[in-house]
Amino acid sequence: MTQALLALRARLDRFGVLLSGLCMIHCLAGIFLVGVLGLGGGALLNPAIHRFGLVLALVVGASTIGLGALRHGHRLPLIVGSSGLALMLGAVLAGHGSAEAVLTIMGVLLVASAHVINMRRGC
């Protein structure tokens, strides 16, 4: 793999970690603002945001973690990332509520961890 492709994959892994963090912030902010203060329910709980975030996570995760596993041969990032994406899918299917929040937070933590492992394993 050329240096340019390695650099692009590394940038996408960092973007994946950022995206996971933003997703978790969105989830926690939604719980706080809607649940505690009763604000922003229409915007923060819009199902389209969650579906779009899942599609973006699938694209970034598959391209970086999948290609990284092919490049460096380590399957751990692929297993961890796939598990996280599956939890995120479960959260979207679960609908709003505590199950969605727990599944989303667990999922994004696993996906972010997979990106970090992928960055450390791949050169």
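The values are calculated or read from the model by the stated rules, or taken from the named source; none is laboratory data. Owing to the predicted nature of the structure, the values given are computational and were not obtained by experimental measurement. Cβ sites come from the backbone with ideal geometry, for glycine too, and all protein chains shown count toward neighbours.
What the table shows:
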read-out: Qualifying helices (runs of 4 or more DSSP H) (wholly inside the range 22-123; at least 2 residues being modelled with pLDDT under 85); value: 41-44, 47-61, 67-72, 98-121
read-out: Exclusive hit being in contact with a helix residue (DSSP H, G or I) (Cβ under 7 Å, 6 or more places away or on another chain) and under 19 Å from A29 (Cβ atoms), set V80, V111, V102, V116; value: V111
read-out: Pairs, first more than 11 Å from S98 (Cα to Cα) in the range 23-36, second at pLDDT 70 or above, C-beta under 7 Å, six or more apart; value: C23/G53; C23/T104; C23/V108; M24/I105; M24/V108
read-out: Odd one out for M1, checked against (1) of a type outside the set (D, E); (2) modelled with pLDDT of 80 or more; (3) touching a Lys or Arg at 6+ places or on another chain (Cβ under 9 Å); (4) surrounded by fewer than 18 Cβ atoms within 10 Å (Cβ to Cβ); value: (2)
read-out: Which numbered condition R51 misses (of (1) surrounded by fewer than 17 Cβ atoms within 10 Å (Cβ to Cβ); (2) under 27 Å from T2 (Cβ atoms)); value: (2)
